[in-house]
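K.L.:
Below is one structure. I have some questions about it.
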Amino acid sequence: MLGIKKRDTKQVFKAIAHQQGVSVSEVKERIQSIIDEMYYSDAPDVQAEFSSYFGKKRPTPEEYVYTMATKIKY
């Protein structure tokens, strides 16, 4: 598990933006798009996985990154 704190998401967004050659706002927009796709998906498996992390709440990009970084085991 990564040693990430909620306040670290700002640096995560900056690092991703730098790596991808885009702005931080573009990174957040892309993540929000992924969140929206999953949130509104009709696929039961996608809904089940999303709900297991966030319940019925639609997270912000910051909440999404923090949750994914702390919950996913690899």
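The values are calculated or read from the model by the stated rules, or taken from the named source; none is laboratory data. Treat the numbers as computed from the prediction; the structure is a model and nothing was measured. Every residue, glycine as well, gets a Cβ built from its backbone with ideal geometry; the counts of neighbours run over all protein chains shown. For the accessible areas, the whole protein counts, side chains as well, though only heavy atoms, and no ligand, DNA or RNA atoms are used. Shrake-Rupley method; radii C 1.70, N 1.55, O 1.52, S 1.80 Å.
K.L.:
Can you find, among SER52, PHE13, ILE31, the residue sitting farthest towards the positive end of the charge dipole of the chain, where Lys and Arg contribute +1 and Asp and Glu -1 at Cβ?
P.N.:
Result: PHE13.
K.L.:
What distance in nm separates the simple spin-label points at VAL22 and SER51, each placed 7 Å from Cα in the Cβ direction?
P.N.:
3.0
K.L.:
So how strong a dipole does the chain carry about its Cα centre when Lys and Arg Cβ are +1 and Asp and Glu Cβ are -1, to the nearest 20 debye?
P.N.:
My answer is approximately 480 debye.
K.L.:
Which value, in Å² rounded to 10, gives the accessible area of TYR66 with a 1.4 Å probe and all protein chains present?
P.N.:
Looks like 60 Å² after rounding.
K.L.:
On the full set of protein chains, 1.4 Å probe, figure out the accessible area of ASP42 and give it in Å² to the nearest 10.
P.N.:
So the heavy atoms of ASP42 present about 150 Å² to solvent.
K.L.:
Let me ask you something else. If you roll a 1.4 angstrom probe over the protein chains with everything in place, what fraction of the accessible area of the chain belongs to carbon and sulfur, to the nearest %?
P.N.:
C and S fraction of accessible area: 54 percent.
K.L.:
Cross-link partners among lysines for LYS56, C-alpha distance below 18 Å, same-chain residues fewer than 8 apart left out?
P.N.:
LYS71
K.L.:
Under the 0.36 nm per residue contour assumption, what length would be gained going from the current alpha-carbon distance of ASP8 and GLU63 to full extension?
P.N.:
18.7 nm
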